[in-house]
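Written below as structure tokens is the structure these notes are about.
The values are calculated or read from the model by the stated rules, or taken from the named source; none is laboratory data. Owing to the predicted nature of the structure, the values given are computational and were not obtained by experimental measurement. Every residue, glycine as well, gets a Cβ built from its backbone with ideal geometry; the counts of neighbours run over all protein chains shown. Accessible surface is based on the protein model in full, side chains and every heavy atom, while ligands, DNA and RNA are left aside. Shrake-Rupley method; radii C 1.70, N 1.55, O 1.52, S 1.80 Å.
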Amino acid sequence: NAGVMQNPRHLVRRRGQEARLRCSPMKGHSHVYWYRQLPEEGLKFMVYLQKENIIDESGMPKERFSAEFPKEGPSILRIQQVVRGDSAAYFCASSPPSDRGQFFGPGTRLTVL
Amino acid sequence: DAKTTQPNSMESNEEEPVHLPCNHSTISGTDYIHWYRQLPSQGPEYVIHGLTSNVNNRMASLAIAEDRKSSTLILHRATLRDAAVYYCIKASNYQLIWGAGTKLIIKP
């Protein structure tokens, strides 16, 4: 059973470009969570999705950020018109229904030049 | 503050037990306590979680105080591979509320 997969592992963008981060949950997991981590800090919750539904996006910036988890395919975290402050590690986690344990992917490290 | 409180860093000798403390005085009756650890440049790895009773698994033990305002993660015999940042997390439903964690240094 493969773990949570994220790609790309490293992403470099120039200011104003778009960043697309992908997350494939573990097999059998229908819940996906996205977190952001700055250096020397803990993770900060961004959004919680189930298939085709956004359950909680209270941690997402109101502008430029969006997330989806379609019926088929990976979950996507999209950042439009990136700025230097968006540089961080973005982690995806997944869980099965009715389970509090979250399993994390290796993360995508976004660098905005 | 809704976050947990942990020491910034701790040191331990290899092959000795390690006790990592955590304070969570604002915990509610339905909040779970989770522990994750993170190695440099890697995603967090689940360690253990509990609600009221002490918990054991192959990685560690979790001792939860009777009033639930604190807990201790116990690594029974630390190895160099256990060197990581350990996060004590209050889980309110699906939301994991992360603090800054404890950096565990293992001395050979």
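Miscellaneous remarks
- Test: residue in the stretch A:65-73 that is of a type in the set (D, E, K, R) and out of contact with any strand residue (DSSP E or B) (no Cβ under 6 Å at 6 or more places or on another chain): yes
- Scope the stretch B:17-30; condition at pLDDT 90 or above, within 16 Å of B:S70 (Cβ to Cβ) and crowded, with 19+ Cβ neighbours inside 10 Å; matching residues: B:L20, B:C22, B:H24
- Output for the stretch A:21-44, where each listed residue is closer than 20 Å to B:I97 by Cβ, part of a loop (DSSP other than H, G, I, E, B) and not small (G, A, S): A:L38, A:P39, A:E40, A:E41
- Matching residues, the stretch B:25-42, being within 13 Å of chain A (Cβ to nearest Cβ) and not hydroxyl-bearing (S, T, Y): B:D31, B:I33, B:H34, B:W35, B:R37, B:Q38, B:L39, B:P40, B:Q42
- Strands (runs of 3 or more DSSP E) enclosed by the stretch A:74-113 - at least 2 residues per element that are within 13 Å of chain B (Cβ to nearest Cβ): A:88-95, A:108-112
- Boolean, A:V47 is without any contact (Cβ under 8 Å) to a residue 40 or more places away in the chain, of a type in the set (A, V, I, L, M), under 28 Å from B:K103 (Cα atoms) and assigned to a strand (DSSP E or B): yes
- Just one of the listed residues (B:R58, B:R37) is within 9 Å of the chain's Cα centre (by Cα), under 24 Å from B:E14 (Cα atoms) and among the charged types (D, E, K, R), namely B:R37.
- Meets criteria (of a type outside the set (S, T, Y) and under 20 Å from A:G42 (Cβ atoms)) for B:G29: no
- Residue ID - modelled with the highest pLDDT, chosen from residues in the stretch A:73-110 that are open to solvent by 10 Å² or more (accessible area, probe 1.4 Å) and among the hydroxyl-bearing types (S, T, Y): A:S87
- Exactly one residue out of B:E14, B:E45 is of a type outside the set (S, T, Y), within 11 Å of chain A (Cβ to nearest Cβ), in contact with a strand residue (DSSP E or B) (Cβ under 6 Å, 6 or more places away or on another chain) and open to solvent by 40 Å² or more (accessible area, probe 1.4 Å): that is B:E45.
- Sub-9 Å Cβ pairs linking a first residue in the stretch A:51-66 that is part of a loop (DSSP other than H, G, I, E, B) to a second residue that is among the basic types (K, R), at least 6 apart or interchain, are A:K51/A:K71; A:E52/A:K71; A:G59/A:R36; A:G59/A:K44; A:R64/A:R78, ordered by first then second residue.
- Among residues of the stretch A:21-50 being closer than 24 Å to B:A91 by Cα and open to solvent by 80 Å² or more (accessible area, probe 1.4 Å), the one that is farthest from the chain's Cα centre (by Cα) is A:E40.
- Residue in the stretch A:13-20 that is of a type in the set (D, E, K, R), outside any loop (DSSP other than H, G, I, E, B) and open to solvent by 50 Å² or more (accessible area, probe 1.4 Å) present: yes
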